[in-house]
Each structure stands twice: as C-alpha cells, then as structure tokens.
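Student: What follows is a structure written as structure tokens; I'll ask about it next.
The values are calculated or read from the model by the stated rules, or taken from the named source; none is laboratory data. Here the structure is a predicted model, which is why all the values come from computation and not from measurement. Glycine also receives a Cβ, built like all others from the backbone with ideal geometry; neighbour counts cover every protein chain displayed.
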Amino acid sequence: MSVEEQMIENAKEGKVLTHKCTSCGHLHLSTVYYCQKCGSKGFQDEILEGTGSIATYTIITVPPAGFEKHTPYAFAVLQLDNVKLRISGFMGGIATPDDLPVGTRAKITGFDERGIIIEKQ
Amino acid sequence: MCFVEKVCVLGAGSTKYGKLADSIADITTQASVAAIESAGIDPKEIGASYISNVFGIADKQVHIGPVLMSRLGIPDKPSLTIESACGSGSVSFREAYANIAAGFYDCLIATGVEKVTHTGTEWTTTYFAYCSDFFYEGQAGASFPGLFASMARAYLTEFDATEEDFAAVAVKNHDNGVLNPKAHMQKKITVDDVMNSAVVASPLKLYDCCPFSDGASSVILCSEKFAKAHGGDYIEVTGSGRGGSPAALQGREQMTTIPSTKIASEAAYKMAGITAKDVDFAEVHDCFTIAEVVDTEDLGFFDKGQGIQAIREGRTKLNSDISINPSGGLKSKGHPIGATGIGQVVEVYDQLTGKAGERTVKDAKVGLTHNFGATGASCAVHVFQSV
C-alpha cells in the first residue's frame, strides 16, 4: 500500500496514521518520508484517534467541480488531541459560522470522493 | 555568494489585465514586444527567454517559449517555462536574474502569461485548487478562496481584527487601481460594497478576492555593463531571495503567517544590505485581502498582528508611510497567475523610472516585489533600486 492508501485506510477507521521520528521524536502525518526537523529517515508508526477540535475553517459557497451537490460545506483544519499535529478535511452540513465555532469538538469519520471526512463530535 | 555581474532591468511592458480575446501566444508576444521596445533593444540581443505560465493547457498552448522566440524572429534562442503556481513570475524572474548574475548571458527576456477566464468560474476555481496540497486540501473541496478564508478566520480568532478591516484593504487597492490604465478592475469601491458582496468562502466575500484575469507582462534583464553601454532608463536588482513553507496550511506552526515570505525577504534584504524600513513602496501578493495584511507583517513592515492597525490608520495608502500595491495589486490590477510576479516588476520599473503617472510614489528610490505560489508554499522577493 502507498502512503496515501495507508492514510486513507486509517481515516476510514476514524484513525490518523503518523510517523514519529526515532531520532528526535518529531511527529508528522505519515505521508512524510524524512523528518522535517532533523532530516532523519527513521520513523515509528503511531496510530492516533482522529479526534480533536476545529483550529480554523471556511464555509465554501463557490465550489470546485464535483462539490456542487454538497454546497455549502466546510473545509476544516482539525487540531488533533494531545499532540502537536493538525489534519484537514471535508465537513458536510455546515451552512453558517454559528454551526461551527472555532474550538468545536470534531473527529475523522471516513474517507470518500470528498477526501478525509470530519464530523462534529 | 559570488556574482560576476550586477543585474538591471532595462525595459518592461504589459498587456491590459482582464478578460482578453486574443490567444495566449498572442498576448505573450504583445507583452514581450512592449518590453523590447521599452528597452530599445534588438530582439537578436536577447540570449534566452524565461516564461512563467501555469495553465497553458487551458488555451491549448504549452511549451510557449519556442512559439514566442519564433515570433520574435529568434527561433534559434533557447527558452524555459517555469511553473510555481501564482508565484511562477517571481521564480522565473529569479532564474533569469541568476543566469545574468552568474555571467551566462548579457541580456534575457522574462515573460509571464495566463489565459483562463474563458474556462469560467467553476473550472478556473477547480484548476487553481490543483495548486494546493491536493491530497489534504483540494481533494476535500478546498478552493483557494477557501484556504485564504481559513487563514482569515485564524487571524480573526487570534488578533483584534474585523471583516471590515479586511474590506479596507480592497478599498485601498481599488483606489490605486483606478489610476492604473492596465488594471482589470478600474473601479472605486467602499467598505459597504465589500461587506455586501456575495460570500465566496466565509469570511471572505467576492470583493475580498482578486479577479480571475488574463494577461501578460514582460521585462528585459541585463548586466550593468550592457545597460550602461546601451543607454536608456534602467533600474538595478539589489536583492533576490526565495523561500518555502509546508505545502498544506495544516503543517504550519501558525496559520496567520507565511514562513516562505519571511525566509525570502530576509535573504533579499541581506543581499541588498537594507532592512524593511528602507523600502519606499512594495508590490505584495494580495490575492485576497487577508493576504496583504499577513504579507505586510511577514515582510517586516509591521509587527505581527499590527498589519490590521496599519490598514485602519491608512498607513499603507499611496504616498503614506509605505505605499503598498501602488499598481492596485492583484486585487484591482488583476491576477493572471503566471504573469503576476513579472507584472509586479513592471510596476517597480515604471515607478523608479518616472513612468507611473498619477500613481507615482513620490521620491521613491527602493521598491520591493513579493509574489508567492498557492498559500505561500513557494515565494520569491526582489529588491530594486533606482540608478
């Protein structure tokens, strides 16, 4: 499986596959091959729960092709619990900023043609 | 670093920016001929061309370089096309700069071009989303307005700023663009106009966003020896820097700053032997209103979080503390993405050689260009001085 396929399989289970540098401990999403901090290639796989809080987001009303039927929707950046790591994804059913204050608890629930899917917890 | 030659800009030209009927090859040639005539050189003096373009495929023409060279009567001269998303122009300029500085050529042409408006809003939005870290962003429905809107919401959360403050950036740049006959949006607007325009990606509204534009811009770069021997108006390139940032917003320490801008500008200031305080005016990458606020902080003109106060106080208006985007910027002049970085150099050339008409920055000696790709994943900054 490619690194993207591994990320997708974990997202489908509500998990995030990460790479922890065996030299300096820096944590990355598993699509990174060399440590962004120390340059080392040694990584230990760590599977995290895909839970956290919304760090920032937007509600898109002028979508790219393929997203018309989902509009409006949110593209959100999720701050994962207990680690210094964020991951972004698609959130359906968000129409106004009142629906999603920054800090809202959320979790990864799947992966499909809309990319990584995030839902409110 | 050891350079053989000082590098100058000897001529500059642009098409109008906007919805253009002529083909991508036509507008590339029109801007290039305007630059050649501005420099007063013979095309045969050009050693090679650097072409910046992203979506040539949308107008059925990639590999534009040889087409341009053939039309300029120099089909034997080499060319290179460079893609770095919306930052393609400045990266291409940098490559041309480096080739002259290293002594490979005496005289080069750098032309940027984009022709996309005929594809319509949906497809232009879709193509541009391919410039993101697609696995994490474009695939999840992120558009470019959406990514900058995410930065805007982070800024509104972190600092004392309002959507009306962002709107003031658009008003200021439209005020400047009205004075630029080449601008796409030569129209004054108010804060209310911005606030009442349709939401594209909250919190950004239509008038927070630059337009999709067609257009081409071109400059002639040469060694100082060539410029002096040739005569005519020229300016000197005194600093050049490039930088990178994590490709996706999620990977940035802070989502209210663009690391590549800091890296590129620090390198350019160091090479020029100046600080941000010495810059008289700057053409910065204001693809969205939030971007200009972040840019002016990352370039060191204002402290972090203070860019918004500078806008409120009008400190970045034409002929105030520091004139930001005297051309109207991407917001009003327009954003033909492959041309933008070169178009900024055209504005600096016009400003520092007394050709900017009503929008002239008074007594300006030092100008800066700042142009990035995507959400600032790639960036180049250049510093110019009048001679």
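Student: Give just the number: which of (1) more than 10 Å from chain B (Cβ to nearest Cβ); (2) more than 19 Å from the chain's Cα centre (by Cα); (3) under 19 Å from A:Phe111 (Cβ atoms); (4) of a type outside the set (Phe, Trp, Tyr) does A:Lys41 not satisfy?
Tutor: The number of the failed condition is (3).
Student: With the checklist (1) more than 16 Å from B:Gly215 (Cβ to Cβ); (2) within 14 Å of chain A (Cβ to nearest Cβ); (3) not aliphatic (A, V, I, L, M) in hand, flag the one item B:Thr119 doesn't pass.
Tutor: B:Thr119 satisfies every listed condition except (1).
Student: Also, quick follow-up: Tell me yes or no: at least one residue of region B:322-331 is closer than 19 Å to B:Thr15 by Cβ and either modelled with pLDDT under 95 or among the aliphatic types (A, V, I, L, M) (or both).
Tutor: Yes, region B:322-331 contains at least one residue that is closer than 19 Å to B:Thr15 by Cβ and either modelled with pLDDT under 95 or among the aliphatic types (A, V, I, L, M) (or both).
Student: Scan region A:18-26 and tell me whether some residue there is under 16 Å from B:Tyr136 (Cβ atoms), touching a residue at least 24 places away in the same chain (Cβ under 8 Å) and facing chain B (nearest Cβ under 10 Å).
Tutor: Checked against the condition, which is being under 16 Å from B:Tyr136 (Cβ atoms), touching a residue at least 24 places away in the same chain (Cβ under 8 Å) and facing chain B (nearest Cβ under 10 Å), region A:18-26 yields no hits at all.
For (1) assigned to a helix (DSSP H, G or I); (2) touching an Asp or Glu at 6+ places or on another chain (Cβ under 9 Å); (3) in contact (Cβ under 8 Å) with a residue 60 or more places away in the chain, each residue gets a yes or a no:
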| residue | (1), (2), (3) |
| --- | --- |
| B:Pro75 | no, no, no |
| B:Thr111 | no, no, yes |
| B:Tyr136 | no, no, yes |
| B:Ala149 | yes, yes, yes |
| B:Arg153 | yes, no, no |
| B:Leu156 | yes, yes, no |
| B:Ala168 | yes, no, yes |
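Let's see how each residue does on (1) within 15 Å of A:Met7 (Cα to Cα); (2) surrounded by fewer than 21 Cβ atoms within 10 Å (Cβ to Cβ); (3) more than 10 Å from chain B (Cβ to nearest Cβ); (4) in contact with a strand residue (DSSP E or B) (Cβ under 8 Å, 6 or more places away or on another chain):
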{"residue": "A:Ala74", "(1), (2), (3), (4)": "no, no, no, yes"}
{"residue": "A:Ile87", "(1), (2), (3), (4)": "yes, no, no, yes"}
{"residue": "A:Ala106", "(1), (2), (3), (4)": "no, no, yes, yes"}
{"residue": "A:Arg114", "(1), (2), (3), (4)": "yes, yes, no, yes"}
{"residue": "A:Glu119", "(1), (2), (3), (4)": "no, yes, yes, yes"}
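Okay, residues lined up against (1) surrounded by fewer than 24 Cβ atoms within 10 Å (Cβ to Cβ); (2) aliphatic (A, V, I, L, M):
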| position | (1), (2) |
| --- | --- |
| B:Thr296 | no, no |
| B:Gly300 | yes, no |
| B:Gly305 | yes, no |
| B:Thr316 | no, no |
| B:Ile324 | no, yes |
| B:Lys333 | no, no |
| B:Ile337 | no, yes |
| B:Thr340 | no, no |
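Student: Kindly indicate the residue of region B:1-38 that is out of contact with any Ser or Thr (no Cβ under 8 Å at 6 or more places or on another chain) and polar (S, T, N, Q) and also nearest to B:Glu114 (Cα to Cα) among those meeting that condition.
Tutor: The residue in question is B:Ser23.
Student: Condition first: farther than 18 Å from B:Asp133 by Cα and assigned to a helix (DSSP H, G or I). Now tell me which residues in region A:1-17 satisfy that.
Tutor: Hits for region A:1-17 are A:Glu9, A:Asn10, A:Lys12.
Student: Consider A:Phe67 carefully, then state whether it is in contact with a His (Cβ under 9 Å, 6 or more places away or on another chain) and either away from every other protein chain (no Cβ under 11 Å) or not polar (S, T, N, Q) (or both).
Tutor: no
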